[in-house]
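The values are calculated or read from the model by the stated rules, or taken from the named source; none is laboratory data. Quick caveat: nothing in here was measured; it's all calculated off a predicted structure. As a convention, Cβ positions derive from the backbone with ideal geometry for all residues, glycine included, and neighbour counts pool all protein chains shown. Heavy atoms of the whole protein, side chains included, go into the accessibility calculation; ligands, DNA and RNA do not. Shrake-Rupley method; radii C 1.70, N 1.55, O 1.52, S 1.80 Å.
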Amino acid sequence: MRKKDHMMAAAQDTGRKSEDGLWETVKVIIQALLIAFFVRTFLYQPFNIPSASMYPTLKVGDYLFVSKLSYGYGRYSFNFSLGLFGRQIVSCCPFGFDGRIFFTADPKRGDVAVFKLPSDTNIDYIKRVIGLPGDRVQMRDGILYINGAAVKKERIEDYTDPAEPGLRAAVPQFMETLPNGVSYRVLDTEPLGEADNTQDFVVPAGHYFMMGDIRDNSQ
């Protein structure tokens, strides 16, 4: 009888240990999910590059984590509304509205930033900050002009990418240097293309002008 009681007690103890182990596993999973939710919501969000407009800096299919802390939190920083942010001003990017919180710095010329497409805020765009509030931005014969001054553009080696249909043949590549010294590569897929000459865009106060690194393939 004692042997049977001992076996029953051992089975109960094993069952309790199994339940404790399962609960510990569940707690670890819940904690991991909460940490991932916090990081994704308030700190860093993963993005996938859908188009070739930022070649050769960013390629189609690239995955990257974008910091949400760089410019403070605004209306479109989260996938839900907390009612904390001010009125949106119609703009070419998501920085054109007041009410940002935990503000740290303005976007700088040359930054690569993720923002909402003004005509459809469900769509994320990733482009380079070119024009600051009050700037005049224009393309003339394939040269970028900011406030009437040509941005330095130096010819470098051609660029090819076997994985991208439009870039399998050699494409002219240039090193562009903004007035603040930020340099990056740009591609000219259509010499004398429609985007090589534009109107003179004036950036309103509180707004920013964004461009892709392939000027012929960037909205």
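Numerical summary
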quantity	calculated
Hull shadow area, averaged, the range 160-219 [alpha-carbon convex hull, nm²]	5.4 nm²
Accessible area of the range 129-219 divided out per residue, in Å², using a probe of 1.4 angstrom	51 Å²
Apportionment of accessible area to carbon and sulfur, the range 138-219, percent (1.4 Å)	52 percent
Table column - 3J(HN,Hα) (Hz), the range 168-175, Karplus curve with 6.51, -1.76, 1.60, x for Gly and Pro	6, 8, 4, 10, x, 10, 9, 9
For Val129, net neighbour charge (Lys/Arg +1, Asp/Glu -1) across residues whose Cβ lies under 10 Å away	+2
Surrounding net charge for Glu194, when Lys and Arg each add one and Asp and Glu each subtract one, Cβ distance under 12 Å	-2
Kirkwood hydrodynamic radius (C-alpha pairs) into Stokes-Einstein, the range 107-152, 10 °C and 1.306 mPa s, D in µm²/s	132 µm²/s
Estimated distance in nm for a label pair at Asp196 and Ser70, the labels positioned 7 Å out from Cα along Cα-to-Cβ	3.1 nm
Separation of the Lys27 and Ala169 label points, Cα + 7 Å toward Cβ, nm	6.5 nm
Label-point separation in nm, Lys153 to Asp124, each point 7 Å along Cα→Cβ	3.0 nm
Size of charge dipole - the range 154-209 - debye, nearest 20, with Cβ of Lys, Arg +1 and Asp, Glu -1, no other charges	160 debye
Surrounding net charge for Tyr159, when Lys and Arg each add one and Asp and Glu each subtract one, Cβ distance under 12 Å	-2
